[in-house]
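Notes follow the structure.
The values are calculated or read from the model by the stated rules, or taken from the named source; none is laboratory data. Only a predicted model underlies this, so the values are computations on that prediction, with no experimental measurement involved. With ideal geometry, Cβ positions are generated from the backbone for all residues, glycine too; neighbour counts draw on all protein chains shown.
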Amino acid sequence: MERLDYWIRGCVDPFSGERTDIGISDGTVAYVRSAASGSGEERLGMDGSGIDGSRMDGSRIDGSGMGGGGANGGAGAGGAAEGLGTGGRGSPVVVNAEGYAALPGLVETHIHLDKAFLSSRMPGVASDLKQAIAMTAELKKTYTKEDIAERSRRVLDRASRFGVTLLRAQAEIDPIAGLKSMESALELKREYADRMDIQLVAFPQEGIFQSPGTAELLEEAIRMGADAVGGIPYNDRDAAEHLGFVFRMAEAHGLPVDLHIDFSDDPDRLDIAEAIRLTKEFGMEGRVAVGHLTSLGSAEPDVAKRIAAGIADAGIHVFALPATDLYLNGRGDECRVRRGLTPVRLLLEAGANVCYGSNNIRNAFTPFGTADPLDIGLLLAQTAHLGTDEDARRMLEMCTVRASKALLGHSLRIREGMPADLTLIRGAGAAELLYERPRDRMVWKRGRLVAHTVTCMER
Ligand SMILES: [Zn+2]
């Protein structure tokens with residue numbers, strides 16, 4: 001057995017229900033043993049220092065001076081990156097993870113860092129999507145790089161403590177703020193590199209053709225280091241023209257596509273059909289993601305079913321953004337108000353890869369939000385009629401293995417040889433994790449303990 005940095009004992013795999021021990025060495029998962037195949041204890045000299053995840057008062061977290069924990073109140077408390085770290089190259093740090101479930105690091109698929117925490121600057125709440133875009137465009141004139149970075153950090157710090165180790169952010173590129181969002185996001189990507197991998201989408205929120213100068217700025221954003229080309233066909237003069245431009249740009253630079261699409265209740269607004277066609281024409285199966293896609297929820301069943309099959313066939317990943325979708329859609333319905341969600345169950349049944357994202361944290365589009373992916377998972381489960389234990393497992397997949405498949409092209413799992421990105425959450429089964437969303441969590445990024453939150457609440 002190779003030298004371990006961490007030996008995590010007694011956690012539960014919430015998908016299988018099996019007791020599992022995990023060894024971490026050199027940033028990767030060195031071994032995984034389920035109860036059925038032995039604990040692995042006999043394989044190691046057990047003189048390492050310890051982390052006791054089960055302690056309620058947090059007075060002793062470990063024996064290696066790693067700090068963290070000891071606070072109450074959840075996300076705002078607990079360990080920041082300082083004081084945490086790897087277990088070093090001596091004896092392994094033994095983590096008593098009894099009572100915890102182990103998930104692959106959580107994934108935030110779709111979030112806007114640059115316009116987070118703007119609610120307090122708003123003159124009021126937005127009455128619909130159009131007004132939310134207009135109010136935010138006005139505020140955007142006052143952005144500075146420092147201001148964007150400060151609000152972004154508030155999101156990233158929370159997300160990290162909740163267990164996010166991979167995040168895709170939409171950086172707004174337009175003549176109003178220029179490349180400020182991109183510049184800020186690139187600096188944050190480096191700053192947070194030891195806590196999470198951040199992917200950046202060059203996102204033309206104000207449109208491309210209706211907002212002259214944006215095309216050139218997108219090119220520059222890609223040159224600077226964008227990881228994906230964004231698009232928003234519902235906010236431009238012609239959706240097909242917009243989509244064609246985005247796909248050509250993605251092809252030219254060898255980048256994936258990440259679209260905001262069909263964000264309405266209008267069953268006739270289905271630009272997704274053109275996106276499916278272009279995905280196949282450009283041979284980009286598996287490399288296109290779409291957020292919102294809510295018009296499909298209003299489409300006639302036969303139409304929706306046919307499109308869902310097309311989405312699955314083209315390998316397009318769908319990101320439900322329920323906090324924003326539920327909040328801004330349905331505004332035109334005076335009675336029998338529609339939920340305005342993408343049809344999650346239909347898409348899953350068609351075989352599409354469905355995930356979810358926070359989208360916005362406390363702004364005109366979404367005055368709510370904590371940056372905990374599980375909060376969004378619960379909201380989606382409640383509103384998309386997904387209430388069985390099997391559904392709960394699926395909701396966890398949507399912020400782990402399904403989400404990493406969408407962002408990376410392959411699923412990150414807790415397997416020997418994989419990067420040691422782990423999120424341990426106090427609880428056992430998938431339903432308990434989703435319904436209670438415990439704040440007691442331990443988070444490893446590439447084998448380094450980056451967050452450890454312990455609350456004082458007794459169960
Ligand atoms: Zn968005």
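Things worth noting here:
- For the stretch 333-355, the condition holds for at least one residue, the condition being that it is in contact with a Cys (Cβ under 9 Å, 6 or more places away or on another chain) and within 30 Å of Arg448 (Cβ to Cβ).
- The single residue among Leu434, Leu412 that is in contact with a strand residue (DSSP E or B) (Cβ under 9 Å, 6 or more places away or on another chain) and touching a residue at least 12 places away in the same chain (Cβ under 8 Å) turns out to be Leu412.
- Members of the stretch 323-379 that are of a type in the set (D, E, K, R) and either surrounded by 20 or more Cβ atoms within 10 Å (Cβ to Cβ) or not assigned by TED's automatic domain parsing to the domain that holds Leu200 (or both): Asp325, Arg362, Asp372
Matching residues to (1) farther than 21 Å from Pro343 by Cα; (2) surrounded by fewer than 24 Cβ atoms within 10 Å (Cβ to Cβ); (3) modelled with pLDDT under 95:
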| position | (1), (2), (3) |
| --- | --- |
| Glu241 | yes, yes, no |
| Leu270 | no, yes, no |
| Gly286 | no, yes, no |
| Ala289 | no, no, no |
| Leu296 | no, no, no |
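- Residues in the stretch 117-146 that are within 15 Å of the ligand (Cβ to nearest atom) and either among the hydroxyl-bearing types (Ser, Thr, Tyr) or at pLDDT 95 or above (or both): Thr136 only.
- Answer from Ala371, Ala384, Ala403 - the residue that is over 24 Å from Met442 (Cα atoms) and either touching a Phe, Trp or Tyr at 6+ places or on another chain (Cβ under 7 Å) or in contact (Cβ under 8 Å) with a residue 40 or more places away in the chain (or both): Ala384
- Cβ separations smaller than 6 Å between residues 6+ apart or across chains give no pair from the stretch 108-123 residues that are over 16 Å from Glu138 (Cβ atoms) and without any contact (Cβ under 8 Å) to a residue 12 or more places away in the chain to residues that are within 11 Å of the ligand (Cβ to nearest atom) and small (Gly, Ala, Ser).
- Sole residue being aliphatic (A, V, I, L, M) and away from the ligand (no atom under 15 Å from the Cβ), chosen from Val303, Val229: Val303
- Scanning the stretch 344-361 for residues that are out of contact with any Leu (no Cβ under 7 Å at 6 or more places or on another chain) and within 16 Å of the ligand (Cβ to nearest atom) yields Cys355, Ser358, Asn360, Ile361.
- Screening the candidates Ala159, Ala102, Ala149 for the property of being small (Gly, Ala, Ser) and within 16 Å of the ligand (Cβ to nearest atom) yields one hit, Ala159.
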